[in-house]
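Working notes for the structure below.
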Amino acid sequence: MKTRIIGVSHSRFGKLETTLETLIADAARDAMADAGVDACDIDAIYVGQFNSGMNEQEFPASLVLQADPALRFKPATRCENACASGSAALYQGINLIEGGMAKRVLVIGAEKMTDASPTSIAEGLLGASYRPESRGIEAGFAGIFAQVARAYFERYGDHADTLARIAAKNHANGVHNPLAQLRRDLGVDVCREVSDKNPVVAAPLKRTDCSPVSDGAAAMVLAHPDAAPSSRRQVGFRARAQVTDFMPLARRDLTRLEGAGHAWQQVLEAAGVSLNELSLAEVHDCFTIAELMIYEAMGLTPTGQGARAIDEGWVMPEGRLPINPSGGLKAKGHPVGATGVSMHVLAARQLLGEATGLQIPDARLAAVFNMGGMGVANYASILERVGD
């Protein structure tokens, strides 16, 4: 692949006293400044935003023009693919460059969720589900992943302790990330026990098993090598893959993320690398059960044995394949449309030796896995350091 990441930006995630418009414009402006390019040098713009009724501004693409008047009259398009909307926008930017239709593309992922009521948020997130199945489900999307967790526990045994270890790992990692929404090392015991501060949301999932409601934005400037600066500060795409699975859960095995497995298989094959060659991975831990099942989907362990990856320390910062050194969605936050871009930005910073938070030593290859819905839209990328 030819596409390079030449500039990035990332807001703090959390409950932010700002507007969607400001989040988008600031992210765009900061990414262009980081890339050292002017607005007039941008050929196209893509914005990832899910929304699903959580914010009244449902047509955000042209708001990027607020970053700089020179962006006026550039083609700008919103991309939506549930929780993978950011990656959908990113891949459209890549397609334009790989197809020879653009030299530089600005990609932004943004979401403003916290102004909505809890009821509106829960209903909005269910927009990423198959409505004939999810009508009346309790606890919104947590209820769907609770169904998945119950099915997994029934087949492979009670893994509540495993989920607590995953939550504790990501919270511990998030402490070091100044942009993370939740920066408190809770420990396994707090994540394991039901309490007033850690109630059951949808059995067996507790509050510490669920990513928070968030605001935030992230952005990047993509470029063809001919249009990239001569500096060594660049990250390339070794490979990327997109796989779509059935939305109705009735047509799926709830104990496996089969679409994710296909995406990982395709991207590793296209990149010509194995898991052992990766320095780190940022994966979609919207719920702790998702991260556990992603261990299996990526091939880190056989199906049903994902607990080994956390129990034996493989996915810890010092382990064989650090997973979510940023804190993941669980601690960093999950402003839905921003998430896919955020994951790629933070992986790129790791490869540049400029990590936001924990730096994985001598990181050279990083994987990103972002999904929309319950493993419906699956995006897998392999990023590499350029210029060594």
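Of the residues Arg256, Arg240, Arg251, the single one that is basic (Lys, Arg), surrounded by fewer than 19 Cβ atoms within 10 Å (Cβ to Cβ) and either touching a residue at least 60 places away in the same chain (Cβ under 8 Å) or out of contact with any Leu (no Cβ under 8 Å at 6 or more places or on another chain) (or both) is Arg251. Criterion applied to Leu23, Leu63 was being out of contact with any Gly (no Cβ under 9 Å at 6 or more places or on another chain), closer than 18 Å to Asp215 by Cβ and either part of a helix (DSSP H, G or I) or basic (Lys, Arg) (or both), and the one residue passing it is Leu63.
I need the full set of residues from region 270-283 which are in contact with a helix residue (DSSP H, G or I) (Cβ under 8 Å, 6 or more places away or on another chain) and outside any strand (DSSP E or B), in order please. Residues satisfying the conditions are Ser274, Leu275, Ser279. Restricting attention to region 270-308 and to residues that are among the charged types (D, E, K, R) and touching a residue at least 24 places away in the same chain (Cβ under 8 Å), the residue that is surrounded by the fewest Cβ atoms within 10 Å (Cβ to Cβ) turns out to be Glu277. Scanning region 134-150 for residues that are among the β-branched types (Val, Ile, Thr) and assigned to a loop (DSSP other than H, G, I, E, B) gives a single hit, Ile137. Taking each residue of region 197-220 that is under 26 Å from Asp34 (Cβ atoms) and looking for partners that are among the β-branched types (Val, Ile, Thr) and assigned to a loop (DSSP other than H, G, I, E, B) with beta-carbon atoms closer than 6 Å, six or more apart or interchain, yields Asp215/Thr114. When Met343 is tested against (1) in a loop (DSSP other than H, G, I, E, B); (2) open to solvent by less than 10 Å² (accessible area, probe 1.4 Å), only condition (1) is not met.
Quick one: which strands (runs of 3 or more DSSP E) lie wholly within region 151-269 and hold at least 2 residues that are more than 30 Å from Ile137 (Cβ to Cβ)? It comes to 215-223, 234-244. The single residue among Leu63, Leu16 that is at pLDDT 95 or above, in contact with an Asp or Glu (Cβ under 6 Å, 6 or more places away or on another chain), open to solvent by 10 Å² or more (accessible area, probe 1.4 Å) and over 30 Å from Glu98 (Cβ atoms) turns out to be Leu16. Evaluated against (1) surrounded by fewer than 24 Cβ atoms within 10 Å (Cβ to Cβ); (2) closer than 17 Å to Gly7 by Cβ; (3) touching a strand residue (DSSP E or B) at 6+ places or on another chain (Cβ under 7 Å), Ala363 falls short on exactly one condition, (2).
Within region 177-220, can you find the residues that are surrounded by 24 or more Cβ atoms within 10 Å (Cβ to Cβ) and acidic (Asp, Glu)? Scanning region 177-220 gives Asp209, Asp215.
When we screen Gly109, Gly36, Gly86, Gly100 for residues that are surrounded by fewer than 21 Cβ atoms within 10 Å (Cβ to Cβ), touching a strand residue (DSSP E or B) at 6+ places or on another chain (Cβ under 8 Å) and under 26 Å from Val386 (Cβ atoms), the only hit is Gly36. Checking each residue in region 274-314 for being more than 11 Å from His159 (Cβ to Cβ) and in contact with an Asp or Glu (Cβ under 9 Å, 6 or more places away or on another chain) picks out Ser279, Val283, His284, Asp285, Phe287, Glu291, Ile294, Ala297, Pro302, Thr303, Ala309.
Tally the residues that are of a type in the set (A, V, I, L, M), in contact with a helix residue (DSSP H, G or I) (Cβ under 7 Å, 6 or more places away or on another chain) and assigned to a loop (DSSP other than H, G, I, E, B), restricting the search to region 95-111. Number satisfying all stated conditions: 1.
The values are calculated or read from the model by the stated rules, or taken from the named source; none is laboratory data. Keep in mind the model is a prediction, meaning the values are calculated, not measured. We place every Cβ from the backbone using ideal geometry, glycine too, and count neighbours over all the protein chains shown. Accessible surface areas use protein heavy atoms only, side chains included; no ligands, DNA or RNA. Shrake-Rupley method; radii C 1.70, N 1.55, O 1.52, S 1.80 Å.
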